[in-house]
Amino acid sequence: MHYDGYKEQGLRQQLVEEIKSKKINDTRVIDAIGKIPRHLFMDSAFVNFAYVDKAFPIGSGQTISQPYTVAFQTELLEIQRGDKVLEIGTGSGYQTAVLLELGAKVFTIERQRELFLKTQRFLPTLGYNPQFFYGDGYLGKPTYGPFDKILITAGAPHIPEKLVQQLKPGGMMVIPLGDKLQIMTRIKKTLNMEIETEAFGDFSFVPLLKGTAND
Ligand code: SAH
């Protein structure tokens, strides 16, 4: 049913080399990129673009993130096996698959109904089983928290306070902060409940929007 042949595997290996050359060092993240059939996360007409290191439209005005960006955000999160991770912006589910490959227990929220339904149907067919939620990620999932890690995969104009509240002491959040361009930001909640922030350069994301959308 899901075709992953020599051509796809060869292109994927080239993508892995490209990601390594861009200084992603976590071998577990690199192995995940080498394993996940990204072409299956895109419409079949675009298979030839699947292993180019670029973001790509996936419908509902949304994009599948650039593989380098997925790798960069995942590396910053320092995922440990068994970590409870809240992901805001399920999208195609590609980033979700990377987190699951690293042994995280993933709770993922999407505000676009069509995308939510499509990815909820698709990911389990590859053996990836996060908990899917349709809703506004700004609110988080307090009843399932607190979380070891929180990952936001859309550009946020400010730090969502409700999400910071759902971080465990000792936990961290990776969030692209800004309107037009975003600064990749890592927020740590210390064991004394203090908040520390670190900045990691400019990126470009689709916006994190309030509420839900039915299109
Ligand atoms: N991680 C995804 C990236 C998708 S782009 C992937 O690898 O494919 C960002 C996603 O965030 C979009 O699907 C968008 O609909 C979603 N999004 C934007 N604002 C949101 C919100 N408030 N809550 C949940 N999802 C949101």
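Just so you know, all these numbers are worked out from the coordinates, no wet-lab data involved. Note that the structure is a prediction, hence the values are computed from the model and not measured. Methodologically, a virtual Cβ is constructed for each residue, glycine included, from the backbone with ideal geometry; neighbour enumeration extends over all protein chains shown.
Values as computed for the structure displayed
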{"quantity": "Test for residue 141: is it in contact with a strand residue (DSSP E or B) (Cβ under 9 Å, 6 or more places away or on another chain) and surrounded by fewer than 23 Cβ atoms within 10 Å (Cβ to Cβ)", "calculated": "yes"}
{"quantity": "Hits in segment 35-45 (condition: assigned to a helix (DSSP H, G or I), in contact with a helix residue (DSSP H, G or I) (Cβ under 8 Å, 6 or more places away or on another chain) and more than 14 Å from residue 100 (Cα to Cα))", "calculated": "38, 39, 40, 41"}
{"quantity": "Residues of segment 49-85 that turn out to be away from the ligand (no atom under 11 Å from the Cβ) and touching a strand residue (DSSP E or B) at 6+ places or on another chain (Cβ under 6 Å), as a count", "calculated": "6"}
{"quantity": "Single unsatisfied condition, residue 46 versus (1) within 23 Å of residue 10 (Cβ to Cβ); (2) in contact (Cβ under 8 Å) with a residue 24 or more places away in the chain; (3) more than 10 Å from the ligand (Cβ to nearest atom)", "calculated": "(2)"}
{"quantity": "Which numbered condition residue 90 fails, given (1) touching a helix residue (DSSP H, G or I) at 6+ places or on another chain (Cβ under 8 Å); (2) polar (S, T, N, Q); (3) part of a helix (DSSP H, G or I)", "calculated": "(3)"}
{"quantity": "Unmet requirement for residue 52, which otherwise passes all of (1) surrounded by 17 or more Cβ atoms within 10 Å (Cβ to Cβ); (2) more than 16 Å from the chain's Cα centre (by Cα); (3) not in a helix (DSSP H, G or I)", "calculated": "(1)"}
{"quantity": "Cross-chain or 6+ apart pairs with Cβ under 9 Å, segment 71-84 first and in contact (Cβ under 8 Å) with a residue 24 or more places away in the chain and closer than 15 Å to residue 200 by Cα, then surrounded by 19 or more Cβ atoms within 10 Å (Cβ to Cβ) and of a type in the set (Phe, Trp, Tyr)", "calculated": "72/203; 73/203"}
{"quantity": "Segment 134-163 residues that are farther than 16 Å from residue 111 by Cα, paired with ones that are within 14 Å of the ligand (Cβ to nearest atom) and of a type in the set (Phe, Trp, Tyr) (beta carbon under 7 Å, 6 or more apart)", "calculated": "144/107; 162/138"}
{"quantity": "Failed condition for residue 99, given (1) buried (at least 24 other Cβ atoms within 10 Å of the Cβ); (2) out of contact with any Asp or Glu (no Cβ under 8 Å at 6 or more places or on another chain); (3) hydrophobic (A, V, I, L, M, F, W, C)", "calculated": "(2)"}
